[in-house]
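Enquirer: My questions all concern the structure below.
The values are calculated or read from the model by the stated rules, or taken from the named source; none is laboratory data. Fair warning: this is a prediction, and the values are worked out from it, not measured in the lab. Methodologically, a virtual Cβ is constructed for each residue, glycine included, from the backbone with ideal geometry; neighbour enumeration extends over all protein chains shown.
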Amino acid sequence: KQEVTQIPAALSVPEGENLVLNCSFTDSAIYNLQWFRQDPGKGLTSLLLIQSSQREQTSGRLNASLDKSSGRSTLYIAASQPGDSATYLCAVSFQGGKLIFGQGTELSVKP
Amino acid sequence: GAVVSQHPSWVICKSGTSVKIECRSLDFQATTMFWYRQFPKQSLMLMATSNEGSKATYEQGVEKDKFLINHASLTLSTLTVTSAHPEDSSFYICSARDAETQYFGPGTRLLVL
């Protein structure tokens, strides 16, 4: 059974810090991996999608890496801002589109 | 990007009633749609995969007779929670697949009294 684990479960940092969120998955036969952001009571916002053949993707202050062989991905957020406060979800997908989500990391960036 | 809508955005109902949630892909056709459920402070759990014109595939532990899924067209899938009970109160999110990308709806919050 595919499992996705995110560490830490919660993180609080002062504004301006660089931070890393971790995601691990048990089955390396993934199709792709996505990082999402979810604000309280809201739906999902896709941040970055990494295909299984790729090693990383970048968008603005966000950089996501993928090491498929070791079953790990990291989301790096540079120069964090209070507006980055949200829950960050990692999800892996398989052929057919089925997504398995991690439990999320709840991030709080203090001004 | 592609847009997926859900209706209603929130619903409150009495225990024992049935509730229908619609998921629409607004500017693309989706042969496959997915339904997820999210309890407070928990992650999204896949409930079922909905394929246009065929029966949905349910994940282990999800009662197919309680959560009826219909995918009658390439732009619409519906989830009906039959005889809802307070433990069914949750945030239900759908997604629609366009080629290799999934687009998520904004979610429907269900509260069963």
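Enquirer: Would you check which residues across region B:69-79 are more than 14 Å from every other protein chain (Cβ to nearest Cβ), closer than 16 Å to B:TYR58 by Cα and not aliphatic (A, V, I, L, M) and list them? Reasoning before the result, please.
Expert: Taking region B:69-79 first, the residues more than 14 Å from every other protein chain (Cβ to nearest Cβ) are B:69-70, B:72-76, B:78-79.
Next cut, closer than 16 Å to B:TYR58 by Cα only: B:69-70, B:78-79.
B:ASN70, B:THR78 - these are the residues of region B:69-79 that are more than 14 Å from every other protein chain (Cβ to nearest Cβ), closer than 16 Å to B:TYR58 by Cα and not aliphatic (A, V, I, L, M).
Enquirer: Which numbered condition in (1) of a type outside the set (D, E, K, R); (2) away from chain B (no Cβ under 11 Å); (3) surrounded by 15 or more Cβ atoms within 10 Å (Cβ to Cβ); (4) touching a residue at least 24 places away in the same chain (Cβ under 8 Å) is the only one that A:SER65 fails?
Expert: If we test A:SER65 against (1) of a type outside the set (D, E, K, R); (2) away from chain B (no Cβ under 11 Å); (3) surrounded by 15 or more Cβ atoms within 10 Å (Cβ to Cβ); (4) touching a residue at least 24 places away in the same chain (Cβ under 8 Å), just (4) comes out false.
Enquirer: Could you tell me whether A:ALA64 is out of contact with any helix residue (DSSP H, G or I) (no Cβ under 9 Å at 6 or more places or on another chain), at pLDDT 95 or above and on the phi > 0 side of the Ramachandran plot?
Expert: Here the answer is no, as A:ALA64 does not meet what is asked.
Enquirer: Next question. Would you please list the contacts, defined by Cβ atoms under 8 Å and residues six or more apart or on different chains, that run from a residue in region A:36-50 that is within 7 Å of another protein chain (Cβ to nearest Cβ) and surrounded by fewer than 19 Cβ atoms within 10 Å (Cβ to Cβ) to a residue that is of a type in the set (Ser, Thr, Tyr) and in a loop (DSSP other than H, G, I, E, B)?
Expert: Within 8 Å, no pair qualifies.
Enquirer: Go through (1) surrounded by fewer than 15 Cβ atoms within 10 Å (Cβ to Cβ); (2) of a type in the set (A, V, I, L, M); (3) under 28 Å from B:THR108 (Cβ atoms); (4) more than 11 Å from every other protein chain (Cβ to nearest Cβ) for A:ILE7 and report which single condition fails.
Expert: The single condition A:ILE7 does not satisfy is (3).
Enquirer: For B:GLN60, state whether it is of a type outside the set (Asp, Glu) and in a strand (DSSP E or B).
Expert: So B:GLN60 does not fit the description; no.
Enquirer: Give B:ALA48, B:ALA56 a once-over and let me know the one that is in contact with a His (Cβ under 8 Å, 6 or more places away or on another chain) and at pLDDT 90 or above.
Expert: None of the others qualify; the one that does is B:ALA56.
Enquirer: While we're on this one: Quick test of your reading of the structure: A:SER53 fulfils all but one of (1) farther than 18 Å from A:GLY104 by Cα; (2) polar (S, T, N, Q); (3) touching a residue at least 60 places away in the same chain (Cβ under 8 Å). Name the failing condition by number.
Expert: Evaluating A:SER53 over (1) farther than 18 Å from A:GLY104 by Cα; (2) polar (S, T, N, Q); (3) touching a residue at least 60 places away in the same chain (Cβ under 8 Å) leaves (3) as the failure.
Enquirer: Check B:LEU68, B:LEU26 and return the single one that is without any contact (Cβ under 8 Å) to a residue 40 or more places away in the chain, surrounded by fewer than 19 Cβ atoms within 10 Å (Cβ to Cβ), over 21 Å from A:GLN103 (Cβ atoms) and not charged (D, E, K, R).
Expert: B:LEU68
Enquirer: Okay, next question. Exactly one of (1) surrounded by fewer than 18 Cβ atoms within 10 Å (Cβ to Cβ); (2) of a type in the set (D, E, K, R); (3) away from chain B (no Cβ under 14 Å) is unmet by A:ASP84. Its number?
Expert: Exception for A:ASP84: condition (1).
Enquirer: Only residues that are aromatic (Phe, Trp, Tyr) and either farther than 21 Å from A:SER28 by Cα or modelled with pLDDT of 95 or more (or both): list them for region A:76-100, please.
Expert: A:TYR76, A:TYR88
Enquirer: Please determine, by comparing only the residues of region B:80-106 that are at the interface with chain A (Cβ under 8 Å from one of its Cβ atoms) and in a loop (DSSP other than H, G, I, E, B), which one is surrounded by the fewest Cβ atoms within 10 Å (Cβ to Cβ).
Expert: The residue in question is B:GLU100.
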